[in-house]
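Enquirer: My structure is below; once you've seen it, I'll send some questions.
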Amino acid sequence: MSKITGVFIAGVGGQGIILASELLSEAARLSGLDVKKSEVHGMAQRGGSVVGHVKFGEKVHSPIITMGEADILLSFEKLEALRYINFVKNGGIAIVNDQEIAPAPVAAGLMDYPPDAFDRIQKAVPRSILLQGNKLAEEVGDTRTTNVVLLGALSAFLDFWPYSWLEAIKNKISPKFVEMNIKAFELGKKVAIEYGL
Amino acid sequence: MTQKILLSGNEAVARGAFEAGVLVATAYPGTPSTEILENIVKYKDHIYCEWAPNEKVAVEVGIGASFGGARTITTMKHVGVNVAADPLFSFAYTGVNGGYILISADDPGMHSSQNEQDNRRYAEFMKIVLLEPSDSQEAKDMVGIGLDLSEKFNIPVMLRMSTRLCHSIGLVELGERVEHPVKDYKPDFKQRVVIPAHAGLLHVALEKKLAQLSMLSEVSPLNYTIDGDFKFERKRIGVISSGISFQYAREAFPEASFLKLGLSFPFPKDLCRKFAAEVDQVWVIEENEPFIEEKLRAAGINCVGKEKIPRTNELSQEIIRNRMARIINEPQTDISDLPPRPPVLCPGCPHRGIFYVAHKLKFTGTSDIGCYTLGMMPPLEMGETCICMGASIGVAQGLEKARGTEFGKNTLAFIGDSTFIHSGITGLAEIVYNKSNITVVILDNSITAMTGHQEHPGTGKTLMGEDSPKVNYRKLAESIGIEHIFETDAYNIEGLTEVLKKIRTLDGPKVIINRGRCILLDIKKMKIVPFKVDPNKCTACGQCFKLGCPTINTGEPNDKGKKRAMINPLFCVGEACAMCQQVCSSGAIDLID
């Protein structure tokens, strides 16, 4: 059977996860691959746990990634990375944004945010990267580009047609913000490569 | 080859409607179906589109449009079909003029619904054609195929989607629009007036149509087989499947033989029999109900089905592998200690204030379908029942009839503006006519919020973007006979407290129109200065925590070890809300300088 790559994207509602998964899907399409992407919208998701499944290869059947099937986990938030860590396959990669957003039970003081989240992630997935996505996005000029910084980091591990990412950004992002997002993308990619996994 | 583009199942259905010459599209929003009409409206130069007040009206308008000669589509979520079932059952008898397709978007796994009913059962029950796509391309193509069948056999068609199809994207090859101009309209009393004398004949005619469709189903290219690779260990297994389950099964057992059903009612019994004869064992892999399996068993075809594949929740390739081949994937890392991250009322949500006050004043609350159902969660805990669209009012009334007048006077029925128009108005008539003492709270946030901001008859705008008269809730309630009507500012805690204290002293049914626009409508235009807590003034009384605002977190404890409040400036909407500032008795909350 032909090889299918699965990227599982996790985060918190409002972090730009849907746009990131769209850009990834579009880049895969432009690289000549079959693509399926699945996500669930619905209940007031602002502040809720949000995931996106993106799969690409010669022929994709199921649009969802189940436990132990993701080649890469891209998480916009640390706790959410840990929550979905079992979706990563043996030998897979976790790219984790170093941001902590307290869920309701933590905000209310009923539970604690896991203090050792990244240690646990690394123990489960030795090939893990912790990125200062928000800070890098600020360097580019707008924290709203955090999602594209992280996408840039992801691109370092995917063998796509070189121009596919640029084209995807141009196709999906309003012209005003294209330049800034390209900068964000390149910065994320550079930092991930320098991380040297 | 034409270039393929990425479309979600919902976008694909919209495109399919455009290409198939649809002229009228009606719907009531509901996850996971909402984006279909939001995408059809992009073709508004060709297609009349509307949000109807509810699914029943959407279907009735659709029936009229079809009778009138237009190719028509109506879309809704699975439970919407319950509301629309009445006209649909009759429509099966009358048949169509312009082709008619109903999109039922089911929600296995209940990502955003109150149940996981399998509407394939409805197609059979209503005696209409059932089509089941399994990806975006099929979803697009089957809209046109369905409309052709509808016109050829003079019957409505149901296209059954599910959440994973609606909200998954895949590659789709686009086609051109083929125009189907409005057909002639002539009155046809015997065909369209379902009095018993006519309906008896129409039922006979419908059974004949179904018999013909049944023959078509046996040979339709929508029902096709894939030969398995019998070299592999999975021997001669034949899987019969439909919809998204087919994709999961293909991924789980790529070497098996498949019979994929796209036209599954009328059911192709003989085709299944033939397929079963060519394999050693038949597996039926379908989400939720044993719709295919029961038909196989009734035809005496042996199969393995629901004794292994669960009826509840969504399927996945993992569940199928696990149940059919005992391939078990244990989680490697224990995550059972992690704090959950449930959806919450947004920072600045206008619903928060009245829930806070009602909780403080110990009211009983019945709730309804919308964002505000989340008011049930701690610490607000307001809304102890939620049944279906509009039920808050009837349920509150029933509580009073069971428990007496005093209980009624202390009961609030919470219902959003869109839900109120959908099916709350009859509830108001009930509480006037049958002498209730409850209070209906119309949570008027000026939009259908939970499904992602759709207009409705109370907002003054149509789906096509035109201005339209607004329903006047006060006049409506007055004319039904409500004597005590209050209009409140959703962000004014003191005002809300005063009104709620007053209503429990009043006899008779009451209405509160609680006004506050959904904060997400305006947040992008707002210049926000967030609030902060002055730790020197904060007495750690915990009152602001009782608002359940996700921006109010526990901060540093004071010298008695009690936790002081801290506001996360990233998500606070500032003065547009200011509820925390109003409930703070020590003046510790103020805007960041």
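Enquirer: Here are the criteria: (1) farther than 30 Å from B:E173 by Cβ; (2) open to solvent by 10 Å² or more (accessible area, probe 1.4 Å). Tell me which single one A:L79 does not satisfy.
Expert: Status for A:L79: all satisfied but (2).
Enquirer: Report whether or not B:C371 is open to solvent by 10 Å² or more (accessible area, probe 1.4 Å), facing chain A (nearest Cβ under 9 Å) and touching a helix residue (DSSP H, G or I) at 6+ places or on another chain (Cβ under 7 Å).
Expert: Numbers: open to solvent by 10 Å² or more (accessible area, probe 1.4 Å): yes; facing chain A (nearest Cβ under 9 Å): yes; touching a helix residue (DSSP H, G or I) at 6+ places or on another chain (Cβ under 7 Å): no.
Criteria not met by B:C371.
Enquirer: While we're here: Could you please let me know if B:T34 is within 27 Å of A:L24 (Cα to Cα), among the polar types (S, T, N, Q) and in contact (Cβ under 8 Å) with a residue 12 or more places away in the chain? Give the derivation first.
Expert: Details: within 27 Å of A:L24 (Cα to Cα): yes; among the polar types (S, T, N, Q): yes; in contact (Cβ under 8 Å) with a residue 12 or more places away in the chain: yes.
So B:T34 fits the description; yes.
Enquirer: Considering each of B:N288, B:N322 in turn, give the residue that is at pLDDT 95 or above and in a loop (DSSP other than H, G, I, E, B).
Expert: Details: B:N322 fails: in a loop (DSSP other than H, G, I, E, B).
Answer to the selection: B:N288.
Enquirer: Looking at B:M377, B:M389, which one is at pLDDT 95 or above, under 30 Å from A:P105 (Cα atoms) and of a type outside the set (S, T, Y)?
Expert: Working: B:M377 fails: at pLDDT 95 or above.
Exactly one residue qualifies, and that residue is B:M389.
Enquirer: Also, quick follow-up: Looking only at segment B:328-372, how many residues end up being without any contact (Cβ under 8 Å) to a residue 12 or more places away in the chain, farther than 21 Å from A:G13 by Cβ and either part of a helix (DSSP H, G or I) or among the charged types (D, E, K, R) (or both)? Break it down stepwise before answering.
Expert: Initial filter on segment B:328-372 (without any contact (Cβ under 8 Å) to a residue 12 or more places away in the chain): B:328-341.
So of that shortlist, the ones also farther than 21 Å from A:G13 by Cβ come out as B:328-334, B:336-337.
From the residues that got through so far, the ones that are either part of a helix (DSSP H, G or I) or among the charged types (D, E, K, R) (or both) too are B:330, B:334, B:337.
Counting residues in segment B:328-372 that are without any contact (Cβ under 8 Å) to a residue 12 or more places away in the chain, farther than 21 Å from A:G13 by Cβ and either part of a helix (DSSP H, G or I) or among the charged types (D, E, K, R) (or both) gives 3.
Enquirer: Of B:E173, B:E151, B:E218, which residue is within 14 Å of another protein chain (Cβ to nearest Cβ) and more than 27 Å from the chain's Cα centre (by Cα)?
Expert: Details: B:E151 fails: within 14 Å of another protein chain (Cβ to nearest Cβ); B:E218 fails: within 14 Å of another protein chain (Cβ to nearest Cβ).
After ruling out the rest, the residue left standing is B:E173.
Enquirer: So, in segment B:193-204, how many residues would count as being touching a helix residue (DSSP H, G or I) at 6+ places or on another chain (Cβ under 8 Å) and either without any contact (Cβ under 8 Å) to a residue 12 or more places away in the chain or farther than 17 Å from B:F153 by Cβ (or both)? It would help to see each step written out before you state the result.
Expert: Going residue by residue through segment B:193-204, those that are touching a helix residue (DSSP H, G or I) at 6+ places or on another chain (Cβ under 8 Å) are B:194, B:198-199, B:201-203.
Imposing the further condition that a residue be either without any contact (Cβ under 8 Å) to a residue 12 or more places away in the chain or farther than 17 Å from B:F153 by Cβ (or both) reduces the set to B:194, B:198-199, B:201.
The number of residues fulfilling the criteria is 4.
Enquirer: Ok, one more. For segment B:119-135, name all the residues that are under 21 Å from A:V40 (Cβ atoms) and either at pLDDT below 95 or open to solvent by 10 Å² or more (accessible area, probe 1.4 Å) (or both).
Expert: Restricting attention to segment B:119-135, the residues satisfying the condition of being under 21 Å from A:V40 (Cβ atoms) are B:119, B:132-135.
Answer for segment B:119-135, where residues must be under 21 Å from A:V40 (Cβ atoms) and either at pLDDT below 95 or open to solvent by 10 Å² or more (accessible area, probe 1.4 Å) (or both): just B:D135.
Enquirer: Residues that are touching a Cys at 6+ places or on another chain (Cβ under 7 Å) and either touching a residue at least 60 places away in the same chain (Cβ under 8 Å) or more than 8 Å from every other protein chain (Cβ to nearest Cβ) (or both), at least 2 per element: which helices (runs of 4 or more DSSP H) completely within segment A:78-126 meet that? Reasoning before the result, please.
Expert: Details: elements: A:78-83, A:104-107, A:117-124.
Ranges flagged: none.
Enquirer: Same structure again: Need pairs with beta-carbon distance below 6 Å; first residue surrounded by 14 or more Cβ atoms within 10 Å (Cβ to Cβ) and within segment B:498-510, second in a helix (DSSP H, G or I); sequence gap 6+ or separate chains.
Expert: From residues that are surrounded by 14 or more Cβ atoms within 10 Å (Cβ to Cβ), the pairs are B:L500/B:V357; B:R504/B:K409; B:P509/B:I431; B:P509/B:V432; B:K510/B:I503.
Enquirer: Please go through segment B:373-386 and give me each residue that is among the hydrophobic types (A, V, I, L, M, F, W, C) and outside any helix (DSSP H, G or I), ordered by number.
Expert: From segment B:373-386, those among the hydrophobic types (A, V, I, L, M, F, W, C) are B:374, B:376-377, B:380, B:382, B:386; that's our starting set.
Hits for segment B:373-386 are B:M377, B:L380, B:M382, B:C386.
Enquirer: Can you give me the ranges of the strands (runs of 3 or more DSSP E) entirely in segment B:215-267 with at least 1 residues that are of a type in the set (V, I, T)? It would help to see each step written out before you state the result.
Expert: Details: elements: B:224-226, B:237-242, B:257-261, B:263-265.
Where strands (runs of 3 or more DSSP E) fall fully within segment B:215-267 and carry at least 1 residues being of a type in the set (V, I, T), they are B:224-226, B:237-242.
Enquirer: Here's a follow-up. Among the listed residues B:A58, B:A70, B:A84, B:A92, which satisfies the condition of being in contact with a helix residue (DSSP H, G or I) (Cβ under 8 Å, 6 or more places away or on another chain) and over 23 Å from B:H422 (Cα atoms)?
Expert: Values: B:A58 fails: over 23 Å from B:H422 (Cα atoms); B:A70 fails: in contact with a helix residue (DSSP H, G or I) (Cβ under 8 Å, 6 or more places away or on another chain); B:A84 fails: over 23 Å from B:H422 (Cα atoms).
After ruling out the rest, the residue left standing is B:A92.
Enquirer: Here is a follow-up. How many of the residues making up segment B:305-326 are away from every other protein chain (no Cβ under 11 Å) and within 9 Å of B:A252 (Cβ to Cβ)?
Expert: Looking only at segment B:305-326, we keep the residues that are away from every other protein chain (no Cβ under 11 Å), and these are B:305-313, B:323-326.
Next, from what is left, pick out any that are within 9 Å of B:A252 (Cβ to Cβ): B:324-325.
Counting residues in segment B:305-326 that are away from every other protein chain (no Cβ under 11 Å) and within 9 Å of B:A252 (Cβ to Cβ) gives 2.
Enquirer: Examine segment B:516-527 for a residue that is under 33 Å from the mean Cα position of the chain (by Cα) and under 30 Å from B:E406 (Cα atoms), and state whether such a residue exists.
Expert: yes
Enquirer: A further question on this structure: Considering B:K461, B:K470, B:K524, which residue is open to solvent by 70 Å² or more (accessible area, probe 1.4 Å) and at pLDDT below 95? Step through it out loud before you land on a result.
Expert: Details: B:K461 fails: at pLDDT below 95; B:K470 fails: at pLDDT below 95.
None of the others qualify; the one that does is B:K524.
Enquirer: I need a count of the residues in segment A:1-39 that are assigned to a helix (DSSP H, G or I) and touching a strand residue (DSSP E or B) at 6+ places or on another chain (Cβ under 8 Å).
Expert: Qualifying residue count for the region: 10.
Enquirer: Suppose we filter segment B:247-274 for residues that are open to solvent by 10 Å² or more (accessible area, probe 1.4 Å) and of a type in the set (F, W, Y); how many remain?
Expert: Residues flagged as open to solvent by 10 Å² or more (accessible area, probe 1.4 Å) and of a type in the set (F, W, Y) within segment B:247-274 amount to 2.
The values are calculated or read from the model by the stated rules, or taken from the named source; none is laboratory data. Worth saying up front: this structure is predicted, and the values here are computed from it rather than measured. Cβ sites come from the backbone with ideal geometry, for glycine too, and all protein chains shown count toward neighbours. In case anyone asks, the SASA skips ligands and DNA or RNA and just uses the protein heavy atoms, side chains included. Shrake-Rupley method; radii C 1.70, N 1.55, O 1.52, S 1.80 Å.
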